[in-house]
1. Which condition number in (1) more than 30 Å from residue B:27 (Cα to Cα); (2) away from every other protein chain (no Cβ under 14 Å) is the one that residue B:193 fails?
2. Could you say which residue among B:61, B:73 is among the β-branched types (Val, Ile, Thr) and over 18 Å from the mean Cα position of the chain (by Cα)?
3. Just to confirm my filter: which strands (runs of 3 or more DSSP E) fall fully inside the stretch A:27-123 and include at least 2 residues that are among the hydroxyl-bearing types (Ser, Thr, Tyr) and either modelled with pLDDT of 85 or more or touching a strand residue (DSSP E or B) at 6+ places or on another chain (Cβ under 7 Å) (or both)?
4. Is there any pair linking a residue in the stretch B:192-214 that is in contact (Cβ under 8 Å) with a residue 24 or more places away in the chain to one that is not in a helix (DSSP H, G or I), with Cβ under 6 Å and at least six apart or on different chains, and which?
5. If you scan the stretch B:219-239, which residues turn out to be loosely packed, with under 15 Cβ neighbours inside 10 Å and in contact (Cβ under 8 Å) with a residue 24 or more places away in the chain?
6. Working only within the stretch B:198-251, note down all residues that are in contact with a Leu (Cβ under 7 Å, 6 or more places away or on another chain) and away from chain A (no Cβ under 14 Å).
7. Mind listing whichever residues of the stretch B:222-247 are of a type in the set (Ser, Thr, Tyr) and in a helix (DSSP H, G or I)?
8. How many residues, within the stretch B:248-266, are part of a helix (DSSP H, G or I) and either free of Cβ contacts under 8 Å to residues at least 60 places away in the same chain or more than 27 Å from residue B:52 (Cβ to Cβ) (or both)?
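The values are calculated or read from the model by the stated rules, or taken from the named source; none is laboratory data. Worth saying up front: this structure is predicted, and the values here are computed from it rather than measured. Neighbour counts are summed over all protein chains in view; Cβ atoms, including those assigned to glycine, are modelled from backbone coordinates with ideal geometry.
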Amino acid sequence: MTQRAIDLWVGIFVAIGLAALLFLALKVGNLLKFNEDAHGYVIEARFDNIGNLKPRAPVRSAGVVVGRVESIALDGKTFEAVARLRIDNRFQFTRDTIAAIYTSGLLGEQFVGLEAGGDTVMLKDGDTLRKTQSAMQLEKLVSQFLFSRAADGPSGPAGATPAPTPPSSSSSGVKP
Amino acid sequence: MALDALANVFVRLGTASRKGITRLGFAMRFLTAVVSHSGTALTRPRLVVREVYFGGVLSLVIVGISGLFIGMVLALQGYETLVRFGASESMGVLVALSLVRELGPVVTGLLFASRAGSAVTAEIGLMKTTEQLAAMEVMAVDPIARVVAPRFWAGVISMPLLAAIFSMLGIYGGFVVGVPLLGIDAGAFWGQMQAAVDWRHDVLNGVIKSVVFAVAVSLIAVFEGYDCTPTAEGVSAATTRTVVTSAIAILALDFVLTVFMFRGGV
């Protein structure tokens, strides 16, 4: 095999290898489309309960991904979860934006949803969102539902068995 | 006398440990020697290109086919589990993350060690056995610069490229099985993959892994060849050692790197 043929094959090999790396970075890793690490500003959101929210979970507004959750920590004084959200510079949100934790699908991953308000002042880097809505917890929801069913007692539509101990604290939930 | 037998056991253990550590030290000094003698190899790139051909280009077929099949199997097996949770759309994520983070570098490293590393060991070992290396020294040609360094650098260059090709073909294999065969939506396959795979956290760490494995496998291959007993049996034993040591080194290094790269978080 001549040197020229070897050079040719090695050239082809290196080209394919570099193309594969490029494919992994661009098509799989999505390097160009949304590079949130390079630019963006950070806002903090305080939640009573973040549920299963993980770092790097998406931040969406009206369903569009506008940023990522950078880190999650617990505030030792107020016992609130502090989520740092890195938002792309292209998107500006008003100061009275509401942050809520939603779940995609029934058991899917959780994400932070932002709903902009009517304020004219925009959020800056390092600002804190005051209005938040915690993650929906399936256990709480189920227990609320059960308690309210129990409180309904025999007058409920099913009217089958009276509950053993209807707790008094079932103020919220399904009303008859 | 029982005490003597017990002492003998510990003496043997100690001797084995000392020899192992000495060998590791030799390997490290050999690495510095190879790197410091790389000037010739890098100013005469033809030597390296030739070895890239034998190590990299000729491994392309086995690596490509393995990647394709592993991707397809991953897709089939992942589908079985994911469909139970109604999450079969996330198959792109499963296939891409397992390939880019783990299987690409590791399986390529194992294949490269058995396909190219063993060949390098046998070649250098045979050169030593037939006293070609000694003849080079007589002619004032440095065998480390002329024979060892090009093969080492060829391995370091080829393996990360092979790992990238492996991952790419694996993802394509997963796509072929997932989208036309199992009926997953093509948009969801790519979209969820792109949302979940981070180019720095996942792709770049995978590349770093493959570079580390490449250095380990290439060093083991050239060292075992250069260090072998110059007999037919010695070459055979050195070739076997290359494959075994490479496999263990890759899997152990993979664990260590994974702990540092992907510990906690997702």
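1. So residue B:193 meets the others, but not (2).
2. Numbers: B:61 fails: over 18 Å from the mean Cα position of the chain (by Cα).
When all the criteria are applied, what remains is B:73.
3. Numbers: elements: A:41-47, A:58-61, A:64-74, A:81-87, A:98-103, A:110-115.
Result: A:98-103.
4. So the pair list comes out as B:197/A:29; B:203/A:29.
5. B:231, B:232
6. Result: B:212, B:213, B:216, B:219, B:235, B:247, B:250.
7. Going residue by residue through the stretch B:222-247, those that are of a type in the set (Ser, Thr, Tyr) are B:226, B:229, B:231, B:236, B:239-240, B:242, B:245-246.
Result: B:226, B:236, B:239, B:240, B:242, B:245, B:246.
8. First, the residues of the stretch B:248-266 that are part of a helix (DSSP H, G or I): B:248-262.
Cutting the leftovers down to either free of Cβ contacts under 8 Å to residues at least 60 places away in the same chain or more than 27 Å from residue B:52 (Cβ to Cβ) (or both) gives us B:248-249, B:252-253, B:255-262.
Going through the stretch B:248-266 one residue at a time, the tally reaches 12.
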